[in-house]
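The values are calculated or read from the model by the stated rules, or taken from the named source; none is laboratory data. Because the structure is predicted, anything quoted here is derived from the model rather than measured. Neighbour counts are summed over all protein chains in view; Cβ atoms, including those assigned to glycine, are modelled from backbone coordinates with ideal geometry.
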Amino acid sequence: MSAQARQASAELGRIRGNFPAFQGSTHPRNGFEYMRNATTTTIAPTGTISIIAGCSSGIEPLFAISFFRRVLDDDRLLEVNPQFAQRANQMGFYSKELMENIARSGSIRNLAGIPDEIKRLFVTSHDVSPEWHIKIQAAFQKHTDNAVSKTINFPAAATLEDVEKAFFMAHRSGCKGVTIYRYGSRPHQVLNIGDRKAEDSITPRARPVRTRGATERIITGCGKLYVTVNTDDYGVCEVFAQMGKTGGCSASQIEATGRLISLALRSGVQVDAVLKQLLNIRCPSPTWNNGQQVLSCSDAIAKVLKSYVNSDIEDSDDLPNFCPDCGCKVEHEGGCLSCRSCGYSRCS
């Protein structure tokens, strides 16, 4: 393919002229007098295209025989490789129990009852070591002008040293770029393997040493309440609240509310879901704050949190804007606020 593409480009160059930087390129040294195109071959990312076409992604192995794909509003779609299901039926080892076991592990390498020839054929991305991922990419890179799109899949237990080794190996192997992904390294990922019980067992992300935020004073029926909303690199991560008066039942309940909000936010719960639970909770001592009715301390905390994520203050290191739908950082582009995480737009 590479030879034919370059020959076709050489014919076009003879007729229409070479590309402007031809003389400084490698083509004259490789024996070409003409070349219309600086590059003639590429292997592009094919994630979405492969879904439409119903095939594997570029030079990637199968992600898993069976897995969950997260789409739209965090909906989960169970996907099973149709060729595997067809072959299993033809060879007589298909069963509901087997498919459930595959869905829990994603791979068939260590499952009993599956012929060895099928295990050799249906190799998944996590069955392939990072070193062989890079060797596969390098083999295609050797005959591809542009950088090759390929993901080096790492298990969740991968270390910094493992990643460093992969980058240096890719460089030595002649790859023009390399992409690595450690499974589970993001709170939400598109492709997921494992059973529903394991997936629903959520561990909150660790609190960073330094966070950014702001403190707002709000009047409640119990007194002045100081609410601090902090963010980390993923968005709003914690809420602290303290009464002007220390001690007492109100102070303990306020502390508990802040801790639970923080736990939920660092576990990936959307800000809107937190606000829905806290806004308009009423206590026996409602009051007014700057023309706004405050029904309780919980309601006051929610009002400050809502005000923070909906702030129109320009993005800065001290007080960035955050998406009201998912709580992630929004960007200013085209005169509008947009969230790359969930697709929210202030202008839509």
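Looking across the range 88-104, the residues that are more than 16 Å from residue 124 (Cβ to Cβ) and of a type outside the set (A, V, I, L, M) come down to 89, 90, 92, 93, 94, 95, 96, 97, 100. Of the residues making up the range 136-166, those that are under 29 Å from residue 38 (Cα atoms) and surrounded by fewer than 16 Cβ atoms within 10 Å (Cβ to Cβ) are 139, 142, 143, 146. Could you tell me whether the range 189-199 includes any residue that is hydrophobic (A, V, I, L, M, F, W, C), modelled with pLDDT of 85 or more and not in a loop (DSSP other than H, G, I, E, B)? No: the range 189-199 contains no residue that is hydrophobic (A, V, I, L, M, F, W, C), modelled with pLDDT of 85 or more and not in a loop (DSSP other than H, G, I, E, B).
Of all the listed residues (33, 60), the sole one being of a type in the set (Asp, Glu), in the same structural domain as residue 101 (by TED's automatic domain parsing) and either surrounded by fewer than 17 Cβ atoms within 10 Å (Cβ to Cβ) or within 18 Å of residue 148 (Cα to Cα) (or both) is 60. Here residue 152 fits the description: without any contact (Cβ under 8 Å) to a residue 60 or more places away in the chain and within 25 Å of residue 48 (Cβ to Cβ).
Residues in the range 265-296 that are farther than 27 Å from residue 205 by Cβ and either hydroxyl-bearing (Ser, Thr, Tyr) or assigned to a helix (DSSP H, G or I) (or both): 285, 287, 296.
Every test in (1) surrounded by 17 or more Cβ atoms within 10 Å (Cβ to Cβ); (2) in contact (Cβ under 8 Å) with a residue 40 or more places away in the chain; (3) aromatic (Phe, Trp, Tyr) is passed by residue 288 save one, and that test is (1).
Out of curiosity, is residue 95 surrounded by 15 or more Cβ atoms within 10 Å (Cβ to Cβ) and modelled with pLDDT of 80 or more? It is false that residue 95 is surrounded by 15 or more Cβ atoms within 10 Å (Cβ to Cβ) and modelled with pLDDT of 80 or more. Of all residues in the range 230-241, exactly one satisfies the criterion of being at pLDDT 90 or above and either over 19 Å from residue 269 (Cα atoms) or touching a Pro at 6+ places or on another chain (Cβ under 6 Å) (or both), namely 241.
Number of residues in the range 215-264 that are outside any helix (DSSP H, G or I) and either more than 19 Å from residue 299 (Cβ to Cβ) or of a type in the set (D, E, K, R) (or both) equals 14. Restricting attention to the range 275-294 and to residues that are touching a strand residue (DSSP E or B) at 6+ places or on another chain (Cβ under 9 Å) and hydrophobic (A, V, I, L, M, F, W, C), the residue that is farthest from residue 258 (Cα to Cα) turns out to be 288. Each residue in the range 250-270 was checked for being at pLDDT below 90 and within 17 Å of residue 306 (Cβ to Cβ), and 2 of them qualify. Of the residues 21, 44, 53, the single one that is closer than 30 Å to residue 99 by Cβ and either at pLDDT 75 or above or surrounded by fewer than 17 Cβ atoms within 10 Å (Cβ to Cβ) (or both) is 53.
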